[in-house]
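Each reported figure results from applying straightforward, stated rules to the coordinates on display, with no laboratory input. What you see is a predicted model; the values in this text were computed from it and never measured. With ideal geometry, Cβ positions are generated from the backbone for all residues, glycine too; neighbour counts draw on all protein chains shown.
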Amino acid sequence: MADFDTAALDARARYNLITGTVVPRPIALITSLGADGRVNAAPFSYFNALGSNPPIVAFSPGTHSVSPSRIKDTRRNVLTSKEFVVNMVSEELAEAMTIAAAVFPEDVSETDYMGVTLLPSKQVAPPRIAESPINLECRLVEDVTIGLNRILFGEVVHFHLHDEIIDVERMHILWRNMNLLARMPGGGGIYCRTNDPLVIPRLTYEQVAAGVRFADLEPDDSAEEVEVTQKIAPAIDELMRRARSAASSS
């Protein structure tokens, strides 16, 4: 079995190992605004959701492909304006995402070449991409530096979802209709789709103790709420109300 001391690895090896072993990685096509009002769009696979109370996402702009000392436009824009929009990448947006990943001159907007439609956001200044099935309007809440990694944490203040991917009455996401892409290993652009799932039934402690395994159960791929969260939702809402009240009065 191969094993590696991280401190003994060079930058290329570290990159290959972390991006090749933590997969698939969701992709955020982030729109932000420069000081001159120019729209910037760039995809990031160092990205994920980290909590729901409040909804928190984080992404890491990493180092610029031109020079490690050059600040990426997205990072500069978000640190200045404190706002950004995460546009989730569907298969239909694959080409636009690839275009946005190219190194553009600083005075040129990627959206001029991506063939996408920009729509105004509701609570932040950066626009959202209409063709994305999911737009998350975010405000920067934390900026953390670890080594050469800059991690930007954003609170989602507004959700936009295409009608075909949500049951509004039940607040359930219809994931079969999302067709999102996620990043896999490889520098040539290897992705996977979210519409090829493996459905694994949940087990209770009582079932585990009785020797039941998920292979013994019928898979159910219908949208569902997490039972524990459903039961304690009122308590979570009350704690959130108190936290926001304390923050506003301090």
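Summary table below
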{"read-out": "Derived scalar couplings ³J(HN,Hα) [segment 87-95; Karplus, 6.51 cos²θ - 1.76 cosθ + 1.60; whole Hz; x for Gly, Pro]", "value": "10, 5, 9, 8, 4, 5, 9, 4, 5"}
{"read-out": "Positive-end residue, the chain charge dipole about Cα centroid, Cβ charges, pick of TYR46, SER250, HIS160", "value": "SER250"}
{"read-out": "Long-range HN-HN contacts of GLY62 with modeled amide H, under 5 Å", "value": "ARG150"}
{"read-out": "Nearest-0.05 FRET efficiency for ASP143 and ARG193, computed from C-beta distance (R0 41 Å)", "value": "0.80"}
{"read-out": "Whole-Hz couplings from phi, Karplus 6.51/-1.76/1.60, listed for segment 100-117; x for Gly and Pro", "value": "5, 6, 5, 7, 8, x, 5, 9, 10, 8, 4, 5, 5, 10, 7, x, 10, 9"}
{"read-out": "FRET efficiency, 1/(1 + (r/R0)^6) with R0 25 Å, evaluated for ILE232 and ALA209 via beta carbons", "value": "0.60"}
{"read-out": "Cα-projected label distance for VAL23 with ARG202, points at 7 Å along beta-carbon direction, nm", "value": "3.0"}
{"read-out": "From phi via Karplus (6.51, -1.76, 1.60), per-residue ³J(HN,Hα) for segment 130-137 in Hz, x at Gly/Pro", "value": "4, 6, 6, x, 9, 10, 10, 7"}
{"read-out": "Relative contact order %, the chain, counting alpha carbon pairs below 8 Å whose residues are six or more apart", "value": "18"}
{"read-out": "Contour minus Cα-Cα distance for GLN123 and ARG244 (0.36 nm per residue)", "value": "41.8 nm"}
{"read-out": "Whole-number D in µm²/s for the chain (Stokes-Einstein; Kirkwood sum over Cα pairs; 4 °C, 1.567 mPa s)", "value": "63"}
{"read-out": "Base-10 log of normalised Debye intensity for segment 75-184 (one unit scatterer per alpha-carbon) at q = 0.15, 0.23 Å⁻¹", "value": "-0.77, -1.42"}
